[in-house]
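Peer 1: Have a look at this one before I ask anything.
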Amino acid sequence: MSAPPRVLTVAGSDSAGGAGIQADLKTMLALGVHGMSVITAVTAQNSLGVQGAWPLPVEAVIAQYRSVVDDIGVQAVKTGMLASAELVEAVAELLGGTDAPAVVDPVGGSKHGDSLLAASALDSVRTKLLPVATVATPNLDEVAQLTGLRVDSEDDLRRAAAAVLAYGPRWVVIKGGHLAGDAVDLLTDGSEEHWLRAPRHDNRHTHGTGCTLASAIASELAKGRAVPEAVTAAKAYVTGAIAAGFALGGGIGPVDHAWALKRR
Ligand SMILES: Nc1ncnc2c1ncn2[C@@H]1O[C@H](COP(=O)(O)OP(=O)(O)O)[C@@H](O)[C@H]1O
Ligand SMILES: Cc1ncc(COP(=O)(O)OP(=O)(O)O)c(N)n1
C-alpha cells in the first residue's frame, strides 16, 4: 500500500472542534490525505466565543515542525492561528525552507470577534509570512486589517486581491463569505482570475469555514492538483460542509466536515 499524500497544519487548537487544528485534520481525513499538526496555541472556545488563548513557546512550535518534516515529509502545509509576531516570524522562516506549497490563512480573529492574533504581529504577517505563501486566503476582516481596504461589494474584491498580492503571495483567494448575496470568492495570481461562486446557505452554523477552506486547498495541492483546480475542489467541499452545518451548544455550531463521507 502506498502512503497517502501528507499535509501539515500549523495552527491553534479549538476546544470546540469546529475550527483550528481540529477542523484541519477532519478536512484532511475527509479528503483522503494524511493530516499532521503543529500546534501553535491552545484556545478555550465554544459556540459562544473564545474564552481564552495560550500561545506555545516558539521552540515548541519549531520542534513539532522539525519532527514531522525531517522524518515524514510533507506535500503541502497550511497555516492558521499564529497568535504572536514571534510565532509568525518563526513559521515564516520554516516555510521559507521548504519546497512544499504553503496555504496561509492569515487568521486575525474568530467569527465572534475575538482576536486570535496580536496587533503587533500584523506587520510580520505582511512582510514575512505572505511573501512565502503559495496561496493566501484572507477573509474581508483580514483584508481590512492587512491592507486598510474595506470590501463592500464583489467589485471591491479585485482591488483587495491586488493589495494582498503586493505583499508577495503567489496566489490569493479573497473570501467574500461575509458579503450579502451569493458566496463569491476571487482567486487570482495577478494575471489569471477565477471567480468561485456558490449559493449562500442560510445556515447560522458556520464555525470553521475559513479553516476548512484553507486546509481543503492544502489537501488538494498535496494530491498534485494545480492551484485553480485545488481551490475549485476546496470551494465545493466547504460549500457542502456549510450546507450540512449543525447546531451544537447555544451559539454558532460547526460546519459538517464529514458531509462528503456520509454521502458515499
Ligand atoms: N453562508 C454561506 N454559504 C455558502 N458559503 C459560505 C457561507 N459563508 C461563507 N461561505 C464560504 O466559506 C468560505 C470561507 O469564507 P469565510 O466564512 O468568509 O471565511 P472565515 O471563516 O475566514 O471568515 C468561502 O468560500 C465563503 O465564500
Ligand atoms: C484556533 C482557531 N483558529 C482559527 C479560528 C478561526 O476559524 P475560522 O475558520 O475563520 O472560523 P470562525 O471562527 O470564523 O467560525 C478559530 N476560531 N480558532
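Peer 1: When you check G224 against the structure, is it at pLDDT 95 or above and part of a loop (DSSP other than H, G, I, E, B), yes or no?
Peer 2: Spelling it out, G224 is indeed at pLDDT 95 or above and part of a loop (DSSP other than H, G, I, E, B).
Peer 1: A follow-up question, please. Please work out if V164 is in contact with a helix residue (DSSP H, G or I) (Cβ under 6 Å, 6 or more places away or on another chain), of a type in the set (A, V, I, L, M, F, W, C) and open to solvent by less than 60 Å² (accessible area, probe 1.4 Å).
Peer 2: Spelling it out, it is not the case that V164 is in contact with a helix residue (DSSP H, G or I) (Cβ under 6 Å, 6 or more places away or on another chain), of a type in the set (A, V, I, L, M, F, W, C) and open to solvent by less than 60 Å² (accessible area, probe 1.4 Å).
Peer 1: Let me ask something else. Looking at the structure I just gave you, is D202 open to solvent by 40 Å² or more (accessible area, probe 1.4 Å) and in contact with a strand residue (DSSP E or B) (Cβ under 6 Å, 6 or more places away or on another chain)?
Peer 2: Considered against the rule, which asks whether it is open to solvent by 40 Å² or more (accessible area, probe 1.4 Å) and in contact with a strand residue (DSSP E or B) (Cβ under 6 Å, 6 or more places away or on another chain), D202 comes out as no.
Peer 1: Considering only residues that are among the charged types (D, E, K, R), in contact with a strand residue (DSSP E or B) (Cβ under 8 Å, 6 or more places away or on another chain) and outside any strand (DSSP E or B), which ones fall in region 133-187?
Peer 2: D141, E154, R158, R170, D182
Peer 1: Could you go through region 103-122 and let me know if any residue there is more than 16 Å from the chain's Cα centre (by Cα), modelled with pLDDT of 95 or more, open to solvent by less than 10 Å² (accessible area, probe 1.4 Å) and closer than 21 Å to E59 by Cα.
Peer 2: Yes, there is a match, as at least one residue in region 103-122 is more than 16 Å from the chain's Cα centre (by Cα), modelled with pLDDT of 95 or more, open to solvent by less than 10 Å² (accessible area, probe 1.4 Å) and closer than 21 Å to E59 by Cα.
Peer 1: Give me a count of the residues in region 72-86 that are within 16 Å of ligand 2 (Cβ to nearest atom) and either at pLDDT below 95 or not polar (S, T, N, Q) (or both).
Peer 2: 6
The values are calculated or read from the model by the stated rules, or taken from the named source; none is laboratory data. Being a predicted model, the structure only gives us computed values, none of them experimental. Methodologically, a virtual Cβ is constructed for each residue, glycine included, from the backbone with ideal geometry; neighbour enumeration extends over all protein chains shown. We work out accessible area using only protein heavy atoms, side chains counted, and drop any ligands, DNA or RNA first. Shrake-Rupley method; radii C 1.70, N 1.55, O 1.52, S 1.80 Å.
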